[in-house]
Structure formats: C-alpha cells, structure tokens
Amino acid sequence: MINSKSMIKIFLTGPPGIGKTTCVLKIYETLTLYGYVVGGFVSKEMRKEGKRIGFKLINLFDRSEEVLADIYSKTHYKIGKYNVNLDGLNKFIDRLYPLENYDIIIIDEIGPMEMLSKKFKKLIQEIMLSDTPSIFTIHVSYANKIHEYFNTSRPNILYRLTRENREGMPLIIWMELQRHIKGKKNEK
C-alpha cells in the first residue's frame, strides 16, 4: 500500500563506473523481497574479451532486453564511440507501460544516450508527475538540471554516490523509501 507521501522521486548520481546500477539493483532486490511490484529498467554494460562494447537495457518487470548502444551497429545517432539504437530504445520504452502497474519505478539511467529519445523524455516526465515513488540514476551532466529538463515541483532528493558512501547507499535509499511507502505487501 502506498501512502499520500508516495510522490517521492530519488535521484542517484556519480561518475561512470562508481556503482549506480549496482546500488539500484540492491534496492530492487529488497523491494521484490517485500513483494513490491517494481517497473522500469537498468542499463548493463556489454563486454567482449574484457572490453566494453556497448550497453543493454533490462526491463525489471518482465526481464526483456534491448541493446541501447554498441560499437558495431551503424545508426544515425552516436554518443562517443557508441552507436545508439534509438528505434530499439523507443520500442523498449513502449513495453514499460502502463506505469500504474507498478508500486515503485526504477530508471537506470537518465543520460545522453537515453535523452536522444523523445519517448524517453516523455516517460520521465510522466513518472515525475505520477504518484509512484521512483528512483532514477542520472548522468552527472544532468544532475543539477532535473527541474529544468522535467519541469516539475515534485519533491525529490539527490544523492551523490562516491567510493566512500557506495556500500551504505542502498540502505540509505531504502530507509528513505520506507518513509514514503506504507507497510509491507508480503511479510517474508
């Protein structure tokens, strides 16, 4: 059961490779253990022979996957050395709806590749305006521009992940979420 304070939006930022995805996956595991229905996605590195060759998205609800970007594809959209699969991203976003199906939403991440998509921006705006508690990882270049990009007055909290705090951050965010979600859906 979600209470009236449920609109909390939590943002997690930090340098690439610091552990943002690992942090939200630990929170996801805790949420599902307590019976919450979690929607959204995480981004995972794709590696070949120890080298990063791209990124894939994994739907947290149905476990479906989509390549977000890689070094092999030829597309019209490029960020650094990665070719962004904008069509695949847009189809993947369609599978996240309806948002009302979820008790909590996790989006990993709001970054330059994802922001190429108008559908992605619309998705984030809808989540920001929803009454569903949400956790977002956000690229450092967007961290101070949340309200500018997503025009919202909803309450939010921004945490900065560092080497010093990354082990304890999942617990800190879980405790903050507990202030905004009421009761446990399923006692374990």
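Every read-out reported here was derived from the displayed coordinates using simple, explicitly stated rules and does not represent laboratory data. All values reported here derive from a predicted model rather than from experimental measurement. All Cβ positions, glycine included, derive from the backbone under ideal geometry; neighbour counts span all protein chains shown.
Table for the structure above
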quantity: Subset tally (residues that are touching a Ser or Thr at 6+ places or on another chain (Cβ under 7 Å) and not in a loop (DSSP other than H, G, I, E, B)) for segment 75-92; calculated: 5
quantity: Hits in segment 18-38 - residues which are of a type in the set (G, A, S) and either over 22 Å from I138 (Cβ atoms) or touching a helix residue (DSSP H, G or I) at 6+ places or on another chain (Cβ under 7 Å) (or both); calculated: G35
quantity: Segment 155-180 residues that are in contact (Cβ under 8 Å) with a residue 12 or more places away in the chain, paired with ones that are part of a helix (DSSP H, G or I) and not hydroxyl-bearing (S, T, Y) (beta carbon under 6 Å, 6 or more apart); calculated: L161/K20; L161/M169; M169/C23; P170/C23; P170/K26; P170/I27; I173/I27; W174/I27
quantity: Pairs where the first residue, in segment 75-94, is touching a residue at least 24 places away in the same chain (Cβ under 8 Å) and the second is of a type in the set (F, W, Y) and surrounded by fewer than 18 Cβ atoms within 10 Å (Cβ to Cβ), C-beta under 7 Å, 6+ apart; calculated: V84/Y77; L86/Y77
quantity: Failed item in (1) part of a helix (DSSP H, G or I); (2) among the acidic types (D, E); (3) surrounded by 14 or more Cβ atoms within 10 Å (Cβ to Cβ), with E148 passing the rest; calculated: (3)
